[in-house]
1. Surrounded by fewer than 14 Cβ atoms within 10 Å (Cβ to Cβ) and among the aromatic types (F, W, Y): does that describe Y8?
2. Of the residues in the range 15-42, how many are out of contact with any Leu (no Cβ under 8 Å at 6 or more places or on another chain) and farther than 25 Å from G5 by Cα?
3. Among the residues of the range 11-47, count how many are open to solvent by less than 100 Å² (accessible area, probe 1.4 Å) and of a type in the set (A, V, I, L, M, F, W, C).
4. For the range 29-63, name all the residues that are charged (D, E, K, R) and under 17 Å from I15 (Cβ atoms).
Amino acid sequence: MNTKGLDYLILAIVIIGAVNWGLIGFFQFNLVSFLFGEMTMFARIVYAVVGIAGLYVISMFGRVSSAGE
């Protein structure tokens, strides 16, 4: 099964989440809260999607390491 497109989409979501955490750490600025409100339903969905994407990226480690063999 070819999941290359899904992998790129998930990777983009994880990068966006990492940028948000960087903004929080360096500037105390939460982009998700700024755009969607403080813990609104949509903001919670965004956080959940980023969390699920992060878990999916864990599976990429196994595929990347086995592709190199």
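1. yes
2. Residues flagged as out of contact with any Leu (no Cβ under 8 Å at 6 or more places or on another chain) and farther than 25 Å from G5 by Cα within the range 15-42 amount to 15.
3. Count: 16.
4. none
For (1) without any contact (Cβ under 8 Å) to a residue 24 or more places away in the chain; (2) within 9 Å of the chain's Cα centre (by Cα), each residue gets a yes or a no:
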position: Y8; (1), (2): yes, no
position: I13; (1), (2): no, yes
position: F42; (1), (2): yes, no
position: V49; (1), (2): no, yes
position: I52; (1), (2): yes, yes
position: V57; (1), (2): no, yes
position: M60; (1), (2): no, no
position: R63; (1), (2): yes, no
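The values are calculated or read from the model by the stated rules, or taken from the named source; none is laboratory data. Keep in mind that this is a model prediction, so the values were computed, not measured. Here Cβ is always computed from backbone atoms with ideal geometry, including for glycine, and neighbour counts include all displayed protein chains. The protein model used for the area step is the full one, side chains on, heavy atoms only, and it has no ligands, DNA or RNA in it. Shrake-Rupley method; radii C 1.70, N 1.55, O 1.52, S 1.80 Å.
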